[in-house]
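For reference, the structure discussed in these notes is given below.
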2 protein chains.
Amino acid sequence: MESVKLLGSETVRLDRSLGRVLAEDIHSNRDQPPYDVSAMDGFAIRSADVAKVPAVLEVVEDIKAGGMPSWTVQAGQCARIMTGAPVPQGADAVIRVEDTHAVSDLRVRIDCSVKAGNDIRPRGESMRDGEVVLRRGTEITPGVIGMLAMVKRANVLVYRQPRVAILSTGDELEGLNEPFDAGKIPDSNSHALMAQVQALGIEPVLLGIARDDPDELRRYLQQGLQFDVLLVSGGTSVGVHDYVRPTLEALGVQMMFWRVAMKPGHPVAFGIAADACVFGLPGNPVSSMVCFEQFVLPALRGMMGNPRPYRRTIEATLGREVGHRPGRTEFIRVTLDRQECGYVAVSTGAQGSGMPSSMASADGLLVVPSGSDGVAANSKVTVQLLDGTAYQEEAGGEW
Amino acid sequence: MESVKLLGSETVRLDRSLGRVLAEDIHSNRDQPPYDVSAMDGFAIRSADVAKVPAVLEVVEDIKAGGMPSWTVQAGQCARIMTGAPVPQGADAVIRVEDTHAVSDLRVRIDCSVKAGNDIRPRGESMRDGEVVLRRGTEITPGVIGMLAMVKRANVLVYRQPRVAILSTGDELEGLNEPFDAGKIPDSNSHALMAQVQALGIEPVLLGIARDDPDELRRYLQQGLQFDVLLVSGGTSVGVHDYVRPTLEALGVQMMFWRVAMKPGHPVAFGIAADACVFGLPGNPVSSMVCFEQFVLPALRGMMGNPRPYRRTIEATLGREVGHRPGRTEFIRVTLDRQECGYVAVSTGAQGSGMPSSMASADGLLVVPSGSDGVAANSKVTVQLLDGTAYQEEAGGEW
């Protein structure tokens, strides 16, 4: 995270800004509401007139939202008023229509007393002209978009997204659109990584598959280093045919690390060049995805200025014991089941790094700390929530 | 949810399928791995040869991933092998390179004994030709995309997304691109609702602002009913100027409900027509967004076949007491702070439905059940997580 640079900024249209991060403070351009307005559909009254109820008042006017009052409400009078409409002179409170009874077209009976100010939203309550309503560094959620529209920002300055390239390597790989070859392994990494990047709102470029040829690999890597971030899967372990690391170094990449005490994902590597950074991800599909989660995802979100770079974690109860040999942090694919006591995490089954289905069916990654001797059933564990867990099957309560 | 129909299906490209829901079972098209392969970079050996260690073996071949072995490993021999490469005849285990020492180019010393099968992934371990690997109704996450690429699905059948139209109503509203008018209220609802829909992966159509004119409103509503879902904000309460409900009914919409015991959001309405459904949302920005969360969001996700239509809820500890009068379910905008004891929920401050900032800064909606007399500090509460909470500031542990 220390090696990762915050990218520059760019202006985008409001309707393309969701999920981006503000690169400017946003000021209000008006008092909102612009005058004292009614918070309810009802009647604007003088509170003194309803000190004793029931009270029958004369309706002198209808005030719509968007209209302006033309009368001052005198003693014994009121005005029919809509939510958001300006409170007329003379009135100091609003009574909602449900608490009134029409006596005739021009007369209404009020059944409850209210204090001055009741159901009135004072001028400037929501925002005051000129004040900062949103700070630089704020993630643009739908609620933030509502605020931006409120201050009429059709365009906003946001941090730029990283341009991301994805490369797979290896003679054994068969491309998605290449003919079936029983002896080969389909390249799933390019596509899974693409989706992981897309889930962050970034559209990456797939460079394709570099075969085990030093010149071809060099050309591909050179192309990839034109992007802000290059993800290379495969070719980063210690076998004699692994050209990726030396080729990257020959291209001026300074490797920051190339092996991490984690499982899966041991051979993950990271390097930086003048204007790019490179992640070397394991060729194994599950390892590649887990390494993306731990390293690439926070880096990409950090580059976009997001104050929340990491996956949300929750505490869960372990459903079934998990074995572990100390030495490496382990990321176990689990499903989460909501029970009375909270979330229960259960391993998705075979955790071999060659089981892509373990990732497809996972709700989260249970983190087994490096020093652990294994985790007993019913222990409290930390689980990183994955895509697809922002929503749940049931509403979560009877309200 | 009972009124909402599952939409039909359509074929989309794999790289456009993230977040959609499978409308077909997916079968494997091959054994994966296609043969017994090495799970490590190392040496393919005969386990009997390393029953006593150290043992020095002759290296007879290099087997790359994507290559095929050409020799049978005999007693006292081994083959250098890469992760994913086929295990040669004669060998029954793999020893990872870290547990070996090169004696010369053609000889390697093995320092540990292993059992037959060690670090070998047997043919078909990940998937068997013909088996169902993903079920209809599965949400397409990055892990699922990896599986789809593994079985070479460049296109997949998914449930169609609803076509959504958004309409604001009211003379008091000022459009985003209209000139500033101090007496008007900017239309933020259209844009906030658009973003809420976009956050579900759906690109809605903004119809604009219908003024308080029955003919104009009728034309707009008629246009909106050409979509699968029409969201109308404003004009649904009981004021005399509210034309929306009667106009919808005149257009053949059967209103299913038009008032809910909730706060904010009391005047929310829902109706169905032959090929469309309509949500009448309050004109107030916060109320409109809260009603979207409670009603529109699960409906839209349900129409797309998503098995998880509802926002994820978590249990949190209430940081500051919350008053409540029984009668309506209340949705209080809160921030969430992670502490030792778990998440602590604190109200974002003024909860007036006219405070759009309360939604912009909220991490979640605390649900106060209808019958509650108020919630004391330190009580356990249920919080619906909002956009922006899928990630957090810190990694969540030292591993």
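The values are calculated or read from the model by the stated rules, or taken from the named source; none is laboratory data. Just so we're clear, the structure is a prediction, and the values are computed from it rather than from any experiment. Here the Cβ positions follow ideal geometry from the backbone for every residue, glycine too, while neighbour counts run over all protein chains shown. These area figures cover heavy atoms from the full protein model, side chains too; ligands, DNA and RNA do not enter into them. Shrake-Rupley method; radii C 1.70, N 1.55, O 1.52, S 1.80 Å.
Here residue B:30 meets the list (1) within 12 Å of another protein chain (Cβ to nearest Cβ); (2) assigned to a strand (DSSP E or B) almost entirely, failing just condition (2).
Output yes when any residue across segment A:97-118 is assigned to a strand (DSSP E or B), within 14 Å of chain B (Cβ to nearest Cβ), touching a strand residue (DSSP E or B) at 6+ places or on another chain (Cβ under 9 Å) and within 21 Å of residue B:287 (Cβ to Cβ), and no when none is. Taking every residue of segment A:97-118 in turn, none turns out to be assigned to a strand (DSSP E or B), within 14 Å of chain B (Cβ to nearest Cβ), touching a strand residue (DSSP E or B) at 6+ places or on another chain (Cβ under 9 Å) and within 21 Å of residue B:287 (Cβ to Cβ).
Scanning segment B:36-82 for residues that are within 8 Å of chain A (Cβ to nearest Cβ), open to solvent by 40 Å² or more (accessible area, probe 1.4 Å) and not hydrophobic (A, V, I, L, M, F, W, C) yields B:62, B:64, B:80.
Yes or no: segment B:379-388 includes at least one residue that is within 11 Å of another protein chain (Cβ to nearest Cβ), open to solvent by 30 Å² or more (accessible area, probe 1.4 Å) and within 16 Å of the chain's Cα centre (by Cα). Reasoning before the result, please.
Narrowing segment B:379-388 to residues within 11 Å of another protein chain (Cβ to nearest Cβ): B:380-388.
So of that shortlist, the ones also open to solvent by 30 Å² or more (accessible area, probe 1.4 Å) come out as B:380, B:387.
Going one step further and asking which of them are within 16 Å of the chain's Cα centre (by Cα), we end up with B:387.
Checked against the condition, which is being within 11 Å of another protein chain (Cβ to nearest Cβ), open to solvent by 30 Å² or more (accessible area, probe 1.4 Å) and within 16 Å of the chain's Cα centre (by Cα), segment B:379-388 yields at least one hit.
Does segment B:24-31 include one or more residues that are closer than 30 Å to residue B:306 by Cα and hydrophobic (A, V, I, L, M, F, W, C)?
Within segment B:24-31, the first condition is being closer than 30 Å to residue B:306 by Cα, and the residues that meet it are B:24-31.
Imposing the further condition that a residue be hydrophobic (A, V, I, L, M, F, W, C) reduces the set to B:26.
The answer is yes; a qualifying residue exists.
Restricting A:362, A:395, A:376, A:350 to those that are open to solvent by 40 Å² or more (accessible area, probe 1.4 Å) and facing another protein chain (nearest Cβ under 9 Å) reduces the list to A:350. Within segment A:189-207, the residues that satisfy the criterion of being under 21 Å from residue B:390 (Cβ atoms), in contact (Cβ under 8 Å) with a residue 24 or more places away in the chain and not aliphatic (A, V, I, L, M) are A:196, A:201, A:204. The C-beta contact set for segment B:99-111 (first residue closer than 12 Å to residue B:79 by Cα and open to solvent by 50 Å² or more (accessible area, probe 1.4 Å), second residue among the charged types (D, E, K, R) and in a strand (DSSP E or B), distance under 8 angstrom, 6+ apart or interchain) comprises B:106/B:58; B:107/B:58.
Among the residues of segment A:145-157, write down those that are in contact (Cβ under 8 Å) with a residue 12 or more places away in the chain and within 14 Å of chain B (Cβ to nearest Cβ).
Here is the first cut: in segment A:145-157, the ones in contact (Cβ under 8 Å) with a residue 12 or more places away in the chain are A:145, A:147-157.
Result: A:145, A:147, A:148, A:149, A:150, A:151, A:152, A:153, A:154, A:155, A:156.
Any residue at all in segment A:229-250 that is open to solvent by 20 Å² or more (accessible area, probe 1.4 Å), in contact with a helix residue (DSSP H, G or I) (Cβ under 7 Å, 6 or more places away or on another chain) and modelled with pLDDT of 95 or more? Within segment A:229-250, none of the residues are open to solvent by 20 Å² or more (accessible area, probe 1.4 Å), in contact with a helix residue (DSSP H, G or I) (Cβ under 7 Å, 6 or more places away or on another chain) and modelled with pLDDT of 95 or more. Determine whether residue A:137 is farther than 26 Å from residue B:284 by Cβ, within 14 Å of chain B (Cβ to nearest Cβ) and either touching a Pro at 6+ places or on another chain (Cβ under 8 Å) or touching a residue at least 40 places away in the same chain (Cβ under 8 Å) (or both). It is true that residue A:137 is farther than 26 Å from residue B:284 by Cβ, within 14 Å of chain B (Cβ to nearest Cβ) and either touching a Pro at 6+ places or on another chain (Cβ under 8 Å) or touching a residue at least 40 places away in the same chain (Cβ under 8 Å) (or both).
Looking at A:9, A:3, which one is closer than 30 Å to residue A:162 by Cβ, away from chain B (no Cβ under 14 Å), within 30 Å of the chain's Cα centre (by Cα) and open to solvent by 60 Å² or more (accessible area, probe 1.4 Å)?
Numbers: A:3 fails: open to solvent by 60 Å² or more (accessible area, probe 1.4 Å).
The unique qualifying residue is A:9.
Taken over segment A:299-325, the residue count meeting the criterion of being in contact with a Lys or Arg (Cβ under 8 Å, 6 or more places away or on another chain) and assigned to a helix (DSSP H, G or I) is 2. In segment B:161-188, the residue that is nearest to the other protein chains (Cβ to nearest Cβ) out of those that are touching a residue at least 60 places away in the same chain (Cβ under 8 Å), on the phi < 0 side of the Ramachandran plot and open to solvent by less than 10 Å² (accessible area, probe 1.4 Å) is B:188. For segment B:123-134, a residue qualifies if it is more than 10 Å from every other protein chain (Cβ to nearest Cβ), in a loop (DSSP other than H, G, I, E, B) and open to solvent by 30 Å² or more (accessible area, probe 1.4 Å), and the qualifying residues are B:123, B:128, B:130, B:131. Of all residues in segment A:321-341, at least one satisfies being among the acidic types (Asp, Glu) and farther than 22 Å from residue B:308 by Cα.
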